Amino acid sequence: HPMKKILIALSVGFLLIACKKEVKELPPATQTGANTFGAKVDGSFFVPQGFGPLPASNTLEARFLPNHDLYINARNFASSPNEKEFEIFIKGATTEGVYQLNTTTAYPTTAVSYAYYVKRNITPQNEWITSATYTGAVTITKIDTVNHFVSGTFQFNAINLYNSPQPISVTEGRFDVKTN
């Protein structure tokens, strides 16, 4: 029965499509500890996502290091083995305010504030990082040490570490993350 085979093929196709959640909007820019993160990368939406329909517990992490440096990591595994990951590091994030991402560093380091974005297929294919030329800023709008969360917005341009120059533009960034 050729019609039956077509229906089975279509059903399987729909199931496969349903596994990858299409992101049509960014999470709202809240200050409540909602544990959200989102941005546009060259106009495309990025939010942390797990494998297929299952949420992964480690797609969004934030922590304050002992010297008040803030580390935020957001991962998207939805199109595994292709992964995308953000890393934002703010040196001395002790108060609300604007933190500049404008220092050149060859690779993520705890010496300076930076924003870093990577696309990998098992191993990194492209990595971007802020620099003195490709800059940006993070605005921390709330640090709650009682309920353990930090909120803010960000935008930046970053340069490709592998394939030059291929800069990217990250806009409308927002986070409202629980810290540990």
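The values are calculated or read from the model by the stated rules, or taken from the named source; none is laboratory data. Predicted model, so just to flag it, every value in this text is computed and none were measured. Note that each Cβ is placed from the backbone with ideal geometry, even for glycine, and that neighbours are counted across all protein chains shown. Calculation scope for accessible area: heavy atoms of the full protein, side chains included, ligands and nucleic acids excluded. Shrake-Rupley method; radii C 1.70, N 1.55, O 1.52, S 1.80 Å.
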Residue that is nearest to the chain's Cα centre (by Cα) [pool: residues in region 136-162 that are surrounded by fewer than 16 Cβ atoms within 10 Å (Cβ to Cβ) and free of Cβ contacts under 8 Å to residues at least 40 places away in the same chain]: Tyr162
Give me the pairs: first residue in region 67-78 and on the phi > 0 side of the Ramachandran plot, second residue open to solvent by 20 Å² or more (accessible area, probe 1.4 Å), beta-carbon distance under 8 Å, and six or more apart or on different chains, which are they? His68/Gly92; His68/Thr94
Under the condition of being of a type in the set (Lys, Arg) and assigned to a strand (DSSP E or B), which residue from region 72-111 is nearest to Val150 (Cα to Cα)? Arg75
Kindly provide the set of residues from region 107-120 that are open to solvent by 40 Å² or more (accessible area, probe 1.4 Å) and closer than 19 Å to Phe37 by Cα, ordered by number. Lys119
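To keep it simple, each residue is scored yes or no on (1) within 17 Å of Glu127 (Cβ to Cβ); (2) surrounded by 11 or more Cβ atoms within 10 Å (Cβ to Cβ); (3) at pLDDT below 95.
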| site | (1), (2), (3) |
| --- | --- |
| Ile17 | no, no, yes |
| Phe37 | no, yes, no |
| Thr59 | no, yes, yes |
| Ser79 | no, yes, yes |
| Glu83 | yes, yes, yes |
| Thr94 | no, yes, yes |
| Thr105 | yes, yes, yes |
Output the number of residues of region 145-158 satisfying the condition of being in a strand (DSSP E or B), closer than 17 Å to Phe37 by Cα and not hydrophobic (A, V, I, L, M, F, W, C). 4
Within region 159-180, tally of residues that are closer than 30 Å to Pro66 by Cα and part of a loop (DSSP other than H, G, I, E, B): 3
Within region 121-135, can you find the residues that are surrounded by 15 or more Cβ atoms within 10 Å (Cβ to Cβ), outside any strand (DSSP E or B) and not aromatic (Phe, Trp, Tyr)? Thr130, Ser131, Thr135
